Structures are given as C-alpha cells and as structure tokens.
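Please treat every number below as a calculation from the coordinates, not as lab data. In this text, all values refer to a predicted model and were calculated from it rather than measured experimentally. All Cβ positions, glycine included, derive from the backbone under ideal geometry; neighbour counts span all protein chains shown.
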Amino acid sequence: MIPPAPANWPGLDGNAVGCREKLKMLAENYAEVSQVLRDAFEDAILMGVDEQGMRQVLADIVAGLDSPKRPVG
C-alpha cells in the first residue's frame, strides 16, 4: 500500500513548506506519481515480472533522477 502524501514537506531551510499553492501542487504530483507507479507495478507483475525485481527497477528510477539544480554536462 502506498502511504498517503506527507503532511509536511521539508523545505530547504529545514522548515516545512507552507505556501498553499505549493502544497496543492505537491499533493497533486504525489497522487499522480503514485497512480503511475501503481499501474506500472501491477502491469509488470501481471505480465510475469518478479515482484522484488520490479520494486528494484522502480527504486532505481528514483535513485537515478537528476537534480534540476545540478548543472548537466
């Protein structure tokens, strides 16, 4: 089961993000990403992919995300 979106999102300054618009977007992104991951996971399992293997594939995707703050190249 995917946990609900965090009640508090950590900000760069150590305090929770407080802007309502940012919180709304973060919640929407969380819901969207959760649904896409759930669908991809279920499809893979139903097509015969090993469950632990698929979990690792999804974790590797997250681990491989480039920071938009880091220069590319």
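Does at least one position in segment 52-66 carry a residue that is closer than 16 Å to Pro3 by Cβ and of a type in the set (Gly, Ala, Ser)?
yes
Looking only at segment 25-43, decide whether some residue is in a helix (DSSP H, G or I), under 12 Å from the mean Cα position of the chain (by Cα) and more than 19 Å from Leu65 (Cβ to Cβ).
Within segment 25-43, one or more residues are in a helix (DSSP H, G or I), under 12 Å from the mean Cα position of the chain (by Cα) and more than 19 Å from Leu65 (Cβ to Cβ).
Quickly run through segment 2-51 and pick out the residues that are surrounded by fewer than 10 Cβ atoms within 10 Å (Cβ to Cβ), farther than 18 Å from Val62 by Cβ and not small (Gly, Ala, Ser).
Hits for segment 2-51 are Leu12, Asp13, Asn15, Arg20, Glu21, Leu46, Met47.
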